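Working notes, beginning with the structure itself.
The values are calculated or read from the model by the stated rules, or taken from the named source; none is laboratory data. In this text, all values refer to a predicted model and were calculated from it rather than measured experimentally. Note: ideal-geometry Cβ built from the backbone for every residue, glycine included; neighbour counts use all protein chains shown. Surface accessibility is based on the protein's heavy atoms, side chains included, excluding ligands, DNA and RNA. Shrake-Rupley method; radii C 1.70, N 1.55, O 1.52, S 1.80 Å.
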Amino acid sequence: MSATLETAEHKALRAAVAALGKRHGRGYDREALWAEAAKLGYLGVNLPEEYGGGGGGIAELSIVLEELGASGCPLLMMIVSPAICGTVIARFGTESQKQAWLPGLADGTRTMAFGITEPDAGSNSHRITTTARRDPETGDWLLTGRKVFISGVDLADATLIVGRTEDARTGNLKPCLFIVPRDAEGFTRRAIDMELSAVEKQFELTLDDVRLPADAFVGDEDAGLLQLFAGLNPERIMTAAFAIGMGRYALSRAVEYARDRQVWKTPIGAHQAIAHPLAQAHIDLELARLMMQKAAHLYDAGDDIGAGEAANMAKYAAGEACVRAVDQSVHTLGGNGLTREFGLGSLITASRVARIAPVSREMILNYVSHQTLGLPKSY
């Protein structure tokens with residue numbers, strides 16, 4: 001795919017990560033790839049240099065994830081650990097939190113999961129019921145609640161949990177973030193049995209009066225929503241990169257097949273019924289990437305509001321483009337598209353994730369309706 005509008009450094013990064021992805025390929029070992037990507041400086045490319053990162057931004061990190069995905073070996077935890085958790089800690093964490101976590105997140109020796117979704121609070125994060133209260137005697141925090149569909153908790157050293165504290169002045173609950181170590185007492189996990197074929201597992205979490213020291217609290221108690229969305233915008237941009245990479249991988253397999261597969265002495269790719277839908281899929285992926293690049297640029301430039309709009313649009317466009325690219329690629333291969341040998345069938349389920357998580361396409365359409373177009377809310 002073309003890399004117009006990118007700097008020479010971005011093109012070089014894209015080529016280097018593509019070479020890494022090609023070496024590991026579809027049958028990759030997640031731990032080995034994670035370790036090598038970290039060693040080469042790709043995992044922490046968005047984190048500050050003074051804490052061992054690359055000093056770049058989400059633009060660079062999204063290139064890494066997209067190119068690994070295009071090689072068939074995406075690292076889902078890149079969305080969570082360096083992009084969400086690393087960003088939040090780098091922007092809002094205390095000096096001790098930054099020193100404790102950022103070097104490890106950058107060099108891959110530590111990972112962090114992110115827990116926001118709840119059984120009764122999916123898209124509506126205002127309904128989060130995980131609550132935190134202070135122990136007046138010790139100053140510790142006590143966290144109680146449940147989370148669901150949390151990725152990679154078994155791989156992570158800690159989970160950045162979104163909870164709510166009570167505002168002493170108003171009595172209202174407001175969002176807050178806590179670093180919860182994986183072995184904290186009262187913090188339990190249960191793997192969710194998914195049809196999805198993925199290296200990273202999904203978990204339901206239970207927090208039963210989990211006691212945390214005062215310094216587990218991330219950021220300012222009065223800036224909860226700002227801190228939360230500082231992590232969610234990169235999440236949407238990186239989900240777009242994940243989807244675009246997956247779509248590119250599927251499309252490349254279909255194009256290769258359409259060039260080689262002959263019926264009646266002619267490659268099937270010569271027929272417009274095969275060629276045109278693949279060309280459309282390519283166009284859709286390229287357009288989605290442009291919006292993703294815009295969103296990353298705005299975010300890295302510090303325009304949180306502009307980035308919020310663009311990140312939502314990029315995630316929507318990439319999710320739709322990915323589903324269509326995978327569907328058309330499987331269809332191009334016919335029965336072979338469902339064999340394990342060609343490795344496309346499992347992407348049918350995986351591609352749907354980009355439409356559903358971390359926010360559904362319908363909620364993005366709501367966002368654009370209200371925020372961009374100024375239409376009244378339906379809820």
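Observations on the structure shown:
- If you check 104, 72 for being closer than 30 Å to residue 247 by Cβ, in contact (Cβ under 8 Å) with a residue 24 or more places away in the chain and either surrounded by fewer than 24 Cβ atoms within 10 Å (Cβ to Cβ) or not basic (Lys, Arg) (or both), only one passes: 72.
- Meets criteria (more than 22 Å from residue 359 (Cβ to Cβ), in contact (Cβ under 8 Å) with a residue 40 or more places away in the chain and not hydrophobic (A, V, I, L, M, F, W, C)) for residue 54: yes
- The stretch 314-359: number of residues that are open to solvent by 30 Å² or more (accessible area, probe 1.4 Å) and not basic (Lys, Arg): 19
- Only residues that are small (Gly, Ala, Ser) and farther than 24 Å from residue 117 by Cα were counted in the stretch 316-371, giving 9.
- Summed over the stretch 25-58, residues that are surrounded by fewer than 19 Cβ atoms within 10 Å (Cβ to Cβ) and closer than 27 Å to residue 278 by Cα total 3.
- Subset of the stretch 199-248 [out of contact with any Cys (no Cβ under 9 Å at 6 or more places or on another chain), closer than 15 Å to residue 113 by Cβ and in a strand (DSSP E or B)]: 202, 203, 204, 205, 206, 207, 210
- Residue count for the stretch 169-220, restricted to those that are under 20 Å from the mean Cα position of the chain (by Cα), exposed (fewer than 15 other Cβ atoms within 10 Å of the Cβ) and touching a residue at least 12 places away in the same chain (Cβ under 8 Å): 5
- Just one of (1) in contact (Cβ under 8 Å) with a residue 12 or more places away in the chain; (2) outside any helix (DSSP H, G or I) fails for residue 27. It is (1).
- Of the helices (runs of 4 or more DSSP H) contained entirely in the stretch 295-379, those carrying at least 3 residues that are over 22 Å from residue 277 (Cα atoms) fall at 304-333, 361-367.
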